[in-house]
Amino acid sequence: MLVAPSILSADFGNLASDVQAICDNGCDLVHVDVMDGHFVPNLTIGPVVVEAVAKATTKPLDIHLMVENNSFFVDLFAPLKPEFISFHIEEEKHPHRLIQKIRALGIRPAIVLNPHTPVEAIEYLLEDLDMVLLMSVNPGFGGQKFIPSVIAKAQRLKQLITAINPACLIEVDGGVNGENITLLADAGVDVVVAGSFVYKHPNGVKEAIDSLKV
């Protein structure tokens, strides 16, 4: 299992050291939640802060856009050369065009599905994707409770990916912890995002990340 801690749960007063802590203790990606206050009812960070994260990290960036006007935000963050940029299918009128744009920028394209969105909504896009991110909470805030139905959803997505594009990864974001990680792994999930679980773990960042590497 690849682990992508979300900096949304980091201490922004000590952001560089919190980013270094997850990199030094075994994370695989650094997950960056970008929210615009329109697509979701929260406002997080822009390119200035993400540039600071990019300078502090030794691991690739995994940028998750929860925004309107996806193409504008892709242009904002592309110069930072993240590994992945993911966008929500619910917000994008021309997803195939945006996938092509992201890949042409040298970035791996990914699509995000909200809890209510069926995996069949992206069946005809799977061959062009490097990753699909399944939300296991409603997007917008950290610290929410895991929605169990994502397990069956991941299983169904794995079937489609196996048939269409076996190289495509499955990522899950929201409420991931040491209690549900085995279920996620068994369902075929490749990458997990964890914020509160990692940064607020009573035994520290290293033990939290290690416990998710099943």
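Brief remarks on what is shown
- Of the candidates Asp18, Asp28, Asp62, the single residue that is outside any strand (DSSP E or B), under 14 Å from the mean Cα position of the chain (by Cα) and modelled with pLDDT of 95 or more is Asp28.
- Considering Glu91, Glu127, the condition of being over 20 Å from Val34 (Cα atoms) and more than 16 Å from the chain's Cα centre (by Cα) is satisfied by Glu127 alone.
- Pairs are defined by a Cβ separation below 9 Å, a sequence spacing of at least 6 or placement on different chains, a first member in region 173-196 that is in contact (Cβ under 8 Å) with a residue 60 or more places away in the chain and more than 18 Å from Leu157 (Cβ to Cβ), and a second member that is part of a loop (DSSP other than H, G, I, E, B) and of a type in the set (A, V, I, L, M, F, W, C); the pairs so defined are Ala194/Val176; Gly195/Ala10; Gly195/Val176.
- Flag if Ala78 is small (Gly, Ala, Ser) and either touching a strand residue (DSSP E or B) at 6+ places or on another chain (Cβ under 7 Å) or surrounded by fewer than 16 Cβ atoms within 10 Å (Cβ to Cβ) (or both): no
- Scanning region 69-102 for residues that are part of a helix (DSSP H, G or I), aliphatic (A, V, I, L, M) and either in contact with a helix residue (DSSP H, G or I) (Cβ under 7 Å, 6 or more places away or on another chain) or touching a residue at least 40 places away in the same chain (Cβ under 8 Å) (or both) yields Val74, Leu76, Leu80, Leu98, Ile99, Ile102.
The values are calculated or read from the model by the stated rules, or taken from the named source; none is laboratory data. Since we're looking at a predicted model, the values are computed, not measured. Don't worry about glycine lacking a Cβ; one is built from the backbone with ideal geometry, like all the others, and counts go over all protein chains shown.
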